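Undergrad: Below is one structure. I have some questions about it.
The values are calculated or read from the model by the stated rules, or taken from the named source; none is laboratory data. None of the values given here were measured: they were computed from a predicted structure. All Cβ positions, glycine included, derive from the backbone under ideal geometry; neighbour counts span all protein chains shown. SASA here: full protein model, heavy atoms, side chains in, ligands and nucleic acids out. Shrake-Rupley method; radii C 1.70, N 1.55, O 1.52, S 1.80 Å.
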Amino acid sequence: MIGPRVLEAALRLGEVPAYLYDLPALDEHVKSVRAALGDVELYYAVKANPDPELLRVLAAYVDGFEVSSAGEHAHVTALFQDLPVALGGPGKTDAELRLPHHRLHVESPNELRRLLATGLEADVLLRLNPGLPVEGAALTMSGPFGMDEDGIAECLPMFGDRVRLRGLHAHLASGLEAPQLLELARALLAHPYEEVNLGGGMAVSYVTPHTRFDWAAYGAGLAEHARGRRLRIEPGRALTVYCGHYVTRVVDVKRVRGEAYAVVLGGTHHLRTPATKGHDQPFTIVPTGGGPGVADEPVTFVGQLCTPKDVLARKVVTTVRVGDTVVFGMAGAYAWNISHHDFLMHPKPAFHHLRA
Ligand SMILES: Cc1ncc(COP(=O)(O)O)c(C=O)c1O
């Protein structure tokens with residue numbers, strides 16, 4: 001599944017566990033996404049992975065960055081002085097409401113009141129939680145996010161020359177295919193706003209890593225819906241997930257009550273994604289070991305943590321030996337940066353960037 005260039009680089013890393021980011025692959029992918037989007041503005045949701053080297057590649061193609069905290073804001077504005085920043089996120093502090101921005105995504109009428117009380121200028125998108133049915137999503141952002149139509153109506157009279165209403169923002173779910181996202185876009189664009197940020201949430205399949213979200217269909221569909229309006233999207237996962245790899249080594253292979261386990265260095269404190277999403281992280285084994293092992297049978301890959309939740313992949317039929325190198329793919333988004341790094345105080349992974 002993982003290409004020879006990455007596998008060769010993985011074997012040259014030295015100490016593992018380590019993250020290996022394939023920058024040329026990211027460049028190629030984001031270039032093709034950008035080309036499919038036409039006039040639609042592309043922001044990157046920094047929460048997916050704030051690695052500066054990745055951001056530098058992305059900066060050549062995106063129109064801006066979406067940040068969701070003062071920390072992300074400081075990180076991005078230190079790296080790029082000229083790229084627009086959209087600041088969102090629930091529970092913004094007064095200090096966050098004072099941060100310079102291209103757009104501020106307001107989450108509630110009370111947040112708007114606090115923004116007005118700062119006395120500063122602001123360009124606002126109101127975050128709508130439209131209560132639309134979202135079928136088949138990996139994660140639905142309903143509940144406390146944004147506001148309903150009543151909340152929006154409460155906000156509208158508060159705008160003026162200083163705090164300006166620019167339009168609507170919505171991020172409805174994660175893991176949606178182009179036809180579903182276009183259906184949601186159609187419903188959102190029924191609202192009479194000149195500028196609409198449709199959020200992220202483009203589907204990524206950890207089961208079939210070679211399939212990609214249909215950016216061409218999405219771009220063409222949005223162009224049809226736009227009718228002269230300014231549209232923006234802010235994907236995270238679907239941009240950076242493919243370029244990241246978590247490289248580790250098998251330290252033990254054993255059978256417990258009939259089940260085969262491979263214990264690898266590191267674990268979900270470095271790569272939490274399979275634990276949070278409940279999937280098997282796709283991987284390739286490079287037979288560098290030659291130690292004891294198992295052949296052609298279901299193997300569960302676990303890490304070094306003292307918890308039964310430290311599972312990277314379950315009952316995958318494979319051959320694996322002690323000392324083998326395991327390269328987990330699709331580790332470029334919501335991987336290292338959402339993991340509980342300090343649990344058990346194992347060493348942290350190194351980070352490498354493949355440049356050519
Ligand atoms: C407001 C907002 N925008 C964009 C994103 C990015 O979503 P994804 O990484 O699924 O594209 C998120 C993710 O939670 C979000 O909350």
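Undergrad: Considering only the range 204-221, I want to know if a residue exists there that is in contact with a helix residue (DSSP H, G or I) (Cβ under 7 Å, 6 or more places away or on another chain) and among the acidic types (Asp, Glu).
TA: The answer is yes, given that some residue of the range 204-221 is in contact with a helix residue (DSSP H, G or I) (Cβ under 7 Å, 6 or more places away or on another chain) and among the acidic types (Asp, Glu).
Undergrad: Mind checking which residues of the range 28-45 are assigned to a helix (DSSP H, G or I) and either out of contact with any Phe, Trp or Tyr (no Cβ under 8 Å at 6 or more places or on another chain) or within 12 Å of ALA216 (Cα to Cα) (or both)?
TA: Initial filter on the range 28-45 (assigned to a helix (DSSP H, G or I)): 28-36.
Result: GLU28, SER32, VAL33, ARG34, ALA35, ALA36.
Undergrad: Further question: Would you confirm whether or not the range 7-15 contains a residue that is in contact with a helix residue (DSSP H, G or I) (Cβ under 9 Å, 6 or more places away or on another chain) and either closer than 30 Å to HIS245 by Cβ or in a loop (DSSP other than H, G, I, E, B) (or both)?
TA: Scanning the range 7-15, I find no residue that is in contact with a helix residue (DSSP H, G or I) (Cβ under 9 Å, 6 or more places away or on another chain) and either closer than 30 Å to HIS245 by Cβ or in a loop (DSSP other than H, G, I, E, B) (or both), so the answer is no.
Undergrad: Scan the range 271-285 and tell me whether some residue there is closer than 27 Å to LEU55 by Cα, among the β-branched types (Val, Ile, Thr) and within 17 Å of the chain's Cα centre (by Cα).
TA: Yes.
Undergrad: All but one of (1) within 16 Å of the ligand (Cβ to nearest atom); (2) buried (at least 19 other Cβ atoms within 10 Å of the Cβ) hold for THR318; state the number of the condition that does not hold.
TA: Checking THR318 against (1) within 16 Å of the ligand (Cβ to nearest atom); (2) buried (at least 19 other Cβ atoms within 10 Å of the Cβ), the one that fails is (1).
Undergrad: Any residue in the range 122-133 that is in contact (Cβ under 8 Å) with a residue 60 or more places away in the chain sitting within a Cβ distance under 9 Å of a residue that is open to solvent by 30 Å² or more (accessible area, probe 1.4 Å) and part of a strand (DSSP E or B)? List the pairs, counting only those 6 or more apart or interchain.
TA: Cβ pairs passing all conditions: LEU125/LEU165; LEU125/ARG166.
Undergrad: Sticking with this one: Please identify the pairs in which a residue from the range 97-119 that is closer than 21 Å to GLY199 by Cβ has its Cβ atom under 6 Å from the Cβ atom of a residue that is assigned to a loop (DSSP other than H, G, I, E, B) and not charged (D, E, K, R), counting only partners at least 6 apart or on another chain.
TA: Listed pairs, sorted by first residue: LEU97/THR118; HIS102/PRO84; HIS105/GLY88; GLU107/PRO90; GLU107/GLY146.
Undergrad: I'm told VAL253 meets every condition in (1) in contact (Cβ under 8 Å) with a residue 40 or more places away in the chain; (2) closer than 26 Å to HIS353 by Cβ except one. Can you identify the failing condition by its number?
TA: (2)
Undergrad: Checking the structure you have, find out if any residue of the range 163-173 is within 14 Å of ASN129 (Cα to Cα), more than 16 Å from the ligand (Cβ to nearest atom) and modelled with pLDDT under 95.
TA: Looking through the range 163-173, none of the residues is within 14 Å of ASN129 (Cα to Cα), more than 16 Å from the ligand (Cβ to nearest atom) and modelled with pLDDT under 95.
Undergrad: Do we find that GLY323 is outside the structural domain of HIS29 (by TED's automatic domain parsing) and in contact (Cβ under 8 Å) with a residue 24 or more places away in the chain in this structure?
TA: yes
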